[in-house]
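Q: Structure in structure tokens, see below.
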Amino acid sequence: MRIEINNWFEYQEFRKGRTKDTLWIKLHTKMLQNYQFSKLIDKDKMTLIELWLITDRATGVIELPEEEILHKIGRKSIQYKELEHFISVSAQDCADLREIAPECGLEKRRVEKRRVEKSREEENDDFDRFWKIYPKKVNKSKSQKAFDKAIKSGVLSSDIISAVESAKESKQWKDDGGKYIPHPLTYLNGERWKDEDYSPETKTGTVPRMEGLGL
């Protein structure tokens, strides 16, 4: 079984050359200000400290059979779910443990959490690009919600941004100092990026001159 201690090297520093044979660990006072740590019941706090004590100093990892880990810390079981903010258990180990710890799904939840966070960051980046190029900047918060809703429905952010870039060059959006530019929320709720593409004729209001034909 493999248990990785989260942020091990943030809290544990050992003098070079003495890592593996060090008989002690550091118990940081900042843990008292850690909200997740304060939420643990005393038994789980003690279990976490006992896991720290048997952790490999050089790697921040415990790699031992489940029975040996329990024997070393003098426990019959470990509440993995309660300690998920402090330890990471591999998905395979969770599968092996499912009979004795049905709630074990730490790695799966952690991966899903990272996926959701990354997705949100990407959505925010895409909206920031949209907001930067959109000429009228009003009602940003609701506009972001409308933008996110469109992306979640399967619309490509590049399609929206490309449509805005084209619309910015159109006669309609340029007339009267941008008087007819819709508010971004109106644009997004109305799915205006689906409107007819802005061709050169639409952008300028004239047909391009054909050299050599006298037109």
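Each reported figure results from applying straightforward, stated rules to the coordinates on display, with no laboratory input. Keep in mind the model is a prediction, meaning the values are calculated, not measured. Here the Cβ is made from the backbone with ideal geometry for all residues, glycine too, and neighbour counts use every protein chain on show.
Q: Let's test the formula: R0 of 45 Å, r as the Cβ-Cβ distance of PHE37 and ASP159. What FRET efficiency results, to the nearest 0.05? Don't jump to the answer; show the numbers that get you there.
A: Numbers: r = 46 Å, r/R0 = 1.02.
Calculated transfer efficiency: 0.45.
Q: In nm, to one decimal, how far is the LYS179 label point from the LYS136 one, both placed 7 Å along Cα→Cβ?
A: Output for this residue pair reads 1.3 nm.
Q: Quick one: of LYS45/LYS81; LYS152/LYS174; LYS145/LYS194; LYS81/LYS152; LYS137/LYS194, which pairs are farther than 24 Å apart, Cα to Cα?
A: Values: LYS45/LYS81 13 Å; LYS152/LYS174 31 Å; LYS145/LYS194 19 Å; LYS81/LYS152 30 Å; LYS137/LYS194 21 Å.
LYS152/LYS174; LYS81/LYS152, as the Cα separations exceed 24 Å there.
Q: Order these peptides, 60-66, 36-42, 161-167, 81-87, by their mean beta-carbon neighbour count within 10 angstrom, highest first. Show your work: numbers first, answer last.
A: On the way: 60-66: 15.1, 36-42: 11.9, 161-167: 17.1, 81-87: 19.0.
Peptide ranking by packing, descending: 81-87, 161-167, 60-66, 36-42.
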